[in-house]
1. Return the residues of region B:140-152 that are within 13 Å of another protein chain (Cβ to nearest Cβ) and farther than 29 Å from residue B:73 by Cα; say none if nothing qualifies.
2. Looking at B:256, B:168, B:181, B:219, can you tell me which residue is outside any helix (DSSP H, G or I) and either more than 26 Å from residue B:97 (Cα to Cα) or in contact with a helix residue (DSSP H, G or I) (Cβ under 9 Å, 6 or more places away or on another chain) (or both)?
3. In the set A:165, A:161, A:126, which member is away from every other protein chain (no Cβ under 13 Å), closer than 22 Å to residue A:32 by Cβ, touching a residue at least 24 places away in the same chain (Cβ under 8 Å) and out of contact with any helix residue (DSSP H, G or I) (no Cβ under 6 Å at 6 or more places or on another chain)?
4. Quick check on region A:56-64. Is at least one of its residues surrounded by fewer than 19 Cβ atoms within 10 Å (Cβ to Cβ), facing chain B (nearest Cβ under 10 Å), out of contact with any helix residue (DSSP H, G or I) (no Cβ under 6 Å at 6 or more places or on another chain) and not in a loop (DSSP other than H, G, I, E, B)?
5. If you go through region A:111-122 one residue at a time, do you hit one that is at pLDDT 95 or above, more than 7 Å from chain B (Cβ to nearest Cβ) and buried (at least 19 other Cβ atoms within 10 Å of the Cβ)?
6. Checking the condition modelled with pLDDT under 90 and more than 9 Å from chain A (Cβ to nearest Cβ), which residue from B:123, B:185, B:137, B:131 passes?
7. Which of the following residues is outside any loop (DSSP other than H, G, I, E, B) and touching a residue at least 24 places away in the same chain (Cβ under 8 Å): B:56, B:47?
8. Can you tell which of B:206, B:214 is surrounded by 20 or more Cβ atoms within 10 Å (Cβ to Cβ) and in contact (Cβ under 8 Å) with a residue 24 or more places away in the chain?
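The values are calculated or read from the model by the stated rules, or taken from the named source; none is laboratory data. Not measured: the values here are computed from a predicted model. Reconstructed Cβ throughout: ideal geometry from the backbone, glycine too, with neighbour counts over all protein chains shown.
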């Protein structure tokens, strides 16, 4: 029987210690929720590295290339203006607009990649039903752990590690 | 309103002056007033800004109806207050993102107290700056011609024009700033959602919080995104104000065609922006009772940056004078002489006093620690920076190559309107921001408090 338990702690150090205990006793630590970013927590939970920066690079470069191509096409092919024999492809000046829009596009691509990788936006989450979960954005440090074999043992581990409340998460 | 965090003298910690500032106290101090209301002071302040908002609307409507002839511009001095305002406002607008991004990248932890409202300042200032070139167009209904779109005239924008660069720089920068600001706001919106006592507030904050839960994955992704955006933001800000500098430097006018303009504009932007942050920080600190979170040390750090920037500004002015002389061009030398002795000489001396002389007060620690002195210096800097921008426009245009075209600018009531009314409009937007959104980043403050062992 699998059970998912939600344990609430009063500070980050206790949470991180509990996480180590859960892992060393053979249970699975699924996720942690904290009111501010804790260094090293993602590594402890074994989360994969994000590819947000790759998305930003591709989005930014692609948009910049498009902007440059648009300028080149309009100034050289579609609407050439011969001004005293100057070159139609004034590429030095055409770099300004791609730089500006490229950075904006990189940021936009980053935001989209961030939302996708965190599965946001979402209207509801099963965890929001847990009493006290609203304090995860204020002053509670919450660990979600699962046990394949022995939920009672996991509950004991979490309580011994200093959890002030342990609730079972029932997925619909 | 009783204070949640009681400030102490001397400060108990480096950047937090309360003895204990645990997660609850920080949340309560920052988010509490948003739910209990700000009382009469806030309403009075908002009421005081309303006439300015109305004044700005009237001025814009009158301008659109009559045309730009209502200003003191003429066929020689074709640019005036609108362009100076544009440069000044975008300078202030640049500072918020620049300060926030640079302090994030250099791991200056004290940024936690000021980055949120500095970025909000950016948004409002850039929005106001973006209005200025449009109202100066003369035919503002055609502003959309700046964008490339399929049209029956088969026309394209002129990509070699500084006005087109401006358009893309402002639009990109404004949208970027909104994203940068919003990304760091999401966790605090979730806190607001979870604390809101009424259903309506829960729904609104909840919708904007996008379902944030504060999971380890969300935090690590958010930090990756935010720091990468900061790294991109710094060159973007520098390029935006450089492009504003190119509006002048890409011309052939004496006193404008100088390669120092782009960097000199960037420093000027940071300078006036930091001065504005000092004024706003003092206002927010007093208005919201955040004396424990925005401490004298923050003002001290900002004062040092102002002092440094004032020295760089003075160096830039000196380079301008030197290059005017060293270049040997008669018109360039004449413009420099005109700056010191011509029609606008009193303003030029006022500019030098405000930007170069007055900030030297900040060498003394008592001036950096004394809030009234610091605020007066910051206001002087902002006045000086506005004078710098208007004089860049006036001096060169009044003293061009052709002596038969030399004229002066005559300030009209409507010039004055476009100078003063946007300040009130800015204050109006800022007051609304303070009322609706946590002015200090709560999660950054929690992190800082834990690092400072104040929690």
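1. Of everything in region B:140-152, those that are within 13 Å of another protein chain (Cβ to nearest Cβ) and farther than 29 Å from residue B:73 by Cα turn out to be B:148, B:149, B:150, B:151.
2. After applying the criteria, what remains is B:256.
3. Within the list A:165, A:161, A:126, the selection yields A:165.
4. yes
5. yes
6. B:137
7. Result: B:56 is the single residue among B:56, B:47 that is outside any loop (DSSP other than H, G, I, E, B) and touching a residue at least 24 places away in the same chain (Cβ under 8 Å).
8. Within the list B:206, B:214, the selection yields B:214.
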